[in-house]
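Undergrad: One structure, pasted below without further comment.
The values are calculated or read from the model by the stated rules, or taken from the named source; none is laboratory data. In this text the structure is predicted, and so the values were computed from the model without any measurement. Backbone-built Cβ (ideal geometry, glycine too); neighbour counts: all protein chains shown.
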Ligand code: GLU
């Protein structure tokens, strides 16, 4: 059963109300010079804002990867906005300070707990493919094979119709109390005044430098002076400030049927590539009509019961909720003992493996694919899958998918009809917010890769996504199993994003999520197991070393995980290997929160991974 943290690992107290991050923002603000794009040649480097990974208190709480974004959420909460308002203000600010993962040129999934009705809602803002996309759109007719993955990433072809603005609009209309124009203000301020470049932003730019250089508006914005901004310089984005301002005036229709949408379509269709560039940048299929056709979706969240908690997540088009849910259902058949973490982790890895096999076979965009969601999340199916797990031996991977058909009386041995794990980029962002009424948001927003397609909309200050590379780019050969995730007109590529909210007796207890492409699912699952089964408090559950098993022959793990559990798991037949990046050897960058008791919330971010995140509360506990 779910346990509260013991007093020995009680939350850190006395979180400063006004953080160093906010103070540093004020420093950055005081440096403001007339707005020009990119990093001004700052006379003296500034110290990037400090980040605090744990904050406990009352009145509202937030955790994001970035102190400016967390401060934006706190500002909205302080002014009486609710969690939905604050989440949208934070994500708009992430569009400024984390422009390579969070932008109005991308999409995402938002899970919301409404305290008034005690119900959880799912908002799908996933990008859609242009109408003319076909299953073989990524195939080079000359070779009959999918174009190289890198070429697909930096291309107009990979750009999906952005869903973020439509999602904000839908979510705000349903649960917001502030208009978009008001919520964009903190982001506009940050875009104009600038933020202090930290190592992470510098590194993310440097990793993208070669392709950014080839795309003119991207180079002009993100390589000021021809190179990645220095750590300690102040980065401004006046184009984005203007775009947000105009958006505040015109509303989301400017994107979906208006001038901004036309610019997006034109940019994806004919990427603004430097004629001198050697890189081949394919044009896209997007047309203004595709933006007009876009609709964000409100969906029923997935639900499973796990050790006394009700766990809600994102249904298809994401595979996050169904795969986390199925794995939890499988784990529900075993006793996980905190005193024997290696065995508990063995079960965690085996459950992930099986759930991944089913994800690959059955989950795709529900508007175009028949997803057997109820069966995938049924306890009967979970029992059938669980009976394949041996306590002392890992099943050889990949394992075959099961048959979620409602008839579950016998165990099916692992077979061989499987699909290789498709590559999914490891880079988005996740945030959580709770307010004083007990409303909760868990929100993944993404461009897919760091830097998305690498294509900036000229003069608009934001990048376009490469989300369509989340489709299976290579159609299956005759005789191989059907693939629910082939490209298609106006289809949503399958996601792994898993913003998750867990309730206890109808009231919120936990919210958690992370970036990490297909590792998102295993990271959310592992954090839940750490917290619920292994007796860790939430900060430890996030900080603990991670491993990911996505139905591959190897378990990929962080170095500290390998040191701690590598031998014990190898003895059970797991092939544990170092997580191959790229470009880092860490898995995910989670954010989470926990209601320690009604009204008292602990917000938690990463202490170390990706430079750590930023947790804040309105009124710190004493
Ligand atoms: N494109 C990924 C997905 O939808 C999210 C990006 C990431 O976190 O890597 O699953």
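Undergrad: If I ask for residues that are part of a loop (DSSP other than H, G, I, E, B) and within 24 Å of residue 208 (Cα to Cα), which ones from the range 130-158 would you list?
TA: 138, 147, 148, 154, 155
Undergrad: In this structure, does residue 363 turn out to be touching a helix residue (DSSP H, G or I) at 6+ places or on another chain (Cβ under 9 Å), over 30 Å from residue 157 (Cβ atoms) and within 16 Å of the ligand (Cβ to nearest atom)?
TA: No.
Undergrad: Additional query: Is it the case, given these coordinates, that residue 352 is in contact with a strand residue (DSSP E or B) (Cβ under 9 Å, 6 or more places away or on another chain) and either modelled with pLDDT under 95 or within 16 Å of the ligand (Cβ to nearest atom) (or both)?
TA: yes
Undergrad: Follow-up question, since we're still on this one. Farther than 21 Å from residue 347 by Cβ and either in contact (Cβ under 8 Å) with a residue 40 or more places away in the chain or in contact with a helix residue (DSSP H, G or I) (Cβ under 8 Å, 6 or more places away or on another chain) (or both), is that true of residue 295?
TA: Judged against the criteria, residue 295 is a match.
Undergrad: While we're on this one: Could you list all residues from the range 542-569 that are in a helix (DSSP H, G or I) and within 14 Å of residue 344 (Cα to Cα)?
TA: 561, 564, 565, 566, 568, 569
Undergrad: When you scan the range 441-484, how many residues do you find that are outside any loop (DSSP other than H, G, I, E, B) and either within 13 Å of the ligand (Cβ to nearest atom) or touching a helix residue (DSSP H, G or I) at 6+ places or on another chain (Cβ under 6 Å) (or both)?
TA: Counting residues in the range 441-484 that are outside any loop (DSSP other than H, G, I, E, B) and either within 13 Å of the ligand (Cβ to nearest atom) or touching a helix residue (DSSP H, G or I) at 6+ places or on another chain (Cβ under 6 Å) (or both) gives 10.
Undergrad: State all residues of the range 39-73 that are at pLDDT 70 or above and in a strand (DSSP E or B); if no residue qualifies, say none.
TA: Once the filter is applied, which keeps residues that are at pLDDT 70 or above and in a strand (DSSP E or B), the range 39-73 yields 54, 55, 56, 57, 58, 59, 60, 61, 62, 63, 64.
Undergrad: Another question, if that's okay. Scan the range 597-611 residue by residue and report those that are surrounded by 19 or more Cβ atoms within 10 Å (Cβ to Cβ) and in contact with a strand residue (DSSP E or B) (Cβ under 7 Å, 6 or more places away or on another chain).
TA: Answer for the range 597-611, where residues must be surrounded by 19 or more Cβ atoms within 10 Å (Cβ to Cβ) and in contact with a strand residue (DSSP E or B) (Cβ under 7 Å, 6 or more places away or on another chain): 601, 602, 603, 604, 605.
Undergrad: Does residue 604 qualify as being under 30 Å from residue 401 (Cα atoms) and either touching a residue at least 60 places away in the same chain (Cβ under 8 Å) or touching a helix residue (DSSP H, G or I) at 6+ places or on another chain (Cβ under 8 Å) (or both)?
TA: Against the criterion (under 30 Å from residue 401 (Cα atoms) and either touching a residue at least 60 places away in the same chain (Cβ under 8 Å) or touching a helix residue (DSSP H, G or I) at 6+ places or on another chain (Cβ under 8 Å) (or both)), residue 604 does not qualify.
Undergrad: Hey, residue 246 hits all of (1) over 30 Å from residue 375 (Cα atoms); (2) touching a residue at least 40 places away in the same chain (Cβ under 8 Å); (3) part of a helix (DSSP H, G or I) but one; which does it fall short on?
TA: (2)
Undergrad: Please verify whether residue 321 is within 16 Å of the ligand (Cβ to nearest atom), closer than 19 Å to residue 555 by Cα, out of contact with any helix residue (DSSP H, G or I) (no Cβ under 6 Å at 6 or more places or on another chain) and modelled with pLDDT of 95 or more, treating the condition exactly as stated.
TA: Here the answer is no, as residue 321 does not meet what is asked.
Undergrad: Within the range 251-285, work out how many residues are more than 12 Å from residue 457 (Cα to Cα), part of a helix (DSSP H, G or I) and touching a helix residue (DSSP H, G or I) at 6+ places or on another chain (Cβ under 8 Å).
TA: Result for the range 251-285: 2.
Undergrad: Checking the conditions here, which among 93, 36 is within 23 Å of residue 196 (Cα to Cα) and at pLDDT below 95?
TA: 36
Undergrad: Only one residue in 497, 536 is at negative phi, within 14 Å of the ligand (Cβ to nearest atom) and either touching a helix residue (DSSP H, G or I) at 6+ places or on another chain (Cβ under 8 Å) or modelled with pLDDT under 95 (or both). Which one?
TA: So the residue among 497, 536 that is at negative phi, within 14 Å of the ligand (Cβ to nearest atom) and either touching a helix residue (DSSP H, G or I) at 6+ places or on another chain (Cβ under 8 Å) or modelled with pLDDT under 95 (or both) is 497.
Undergrad: Taking the criterion of being touching a helix residue (DSSP H, G or I) at 6+ places or on another chain (Cβ under 9 Å), at pLDDT 95 or above, under 30 Å from residue 447 (Cα atoms) and within 16 Å of the ligand (Cβ to nearest atom), would at least one residue in the range 558-576 satisfy it?
TA: Looking through the range 558-576, none of the residues is touching a helix residue (DSSP H, G or I) at 6+ places or on another chain (Cβ under 9 Å), at pLDDT 95 or above, under 30 Å from residue 447 (Cα atoms) and within 16 Å of the ligand (Cβ to nearest atom).
Undergrad: Further question on the same structure: Which residue, of 539, 553, is in contact with a strand residue (DSSP E or B) (Cβ under 7 Å, 6 or more places away or on another chain), surrounded by fewer than 19 Cβ atoms within 10 Å (Cβ to Cβ) and farther than 16 Å from residue 502 by Cα?
TA: Result: 553 is the single residue among 539, 553 that is in contact with a strand residue (DSSP E or B) (Cβ under 7 Å, 6 or more places away or on another chain), surrounded by fewer than 19 Cβ atoms within 10 Å (Cβ to Cβ) and farther than 16 Å from residue 502 by Cα.
Undergrad: Let me ask something additional. Of the residues 230, 200, 192, which is farther than 30 Å from residue 119 by Cα, in contact (Cβ under 8 Å) with a residue 60 or more places away in the chain and part of a loop (DSSP other than H, G, I, E, B)?
TA: One residue alone meets the criteria, 230.
Undergrad: Looking only at the range 500-530, filter to residues that are within 15 Å of residue 355 (Cα to Cα) and not in a loop (DSSP other than H, G, I, E, B); which one of those is nearest to the ligand (Cβ to nearest atom)?
TA: 520
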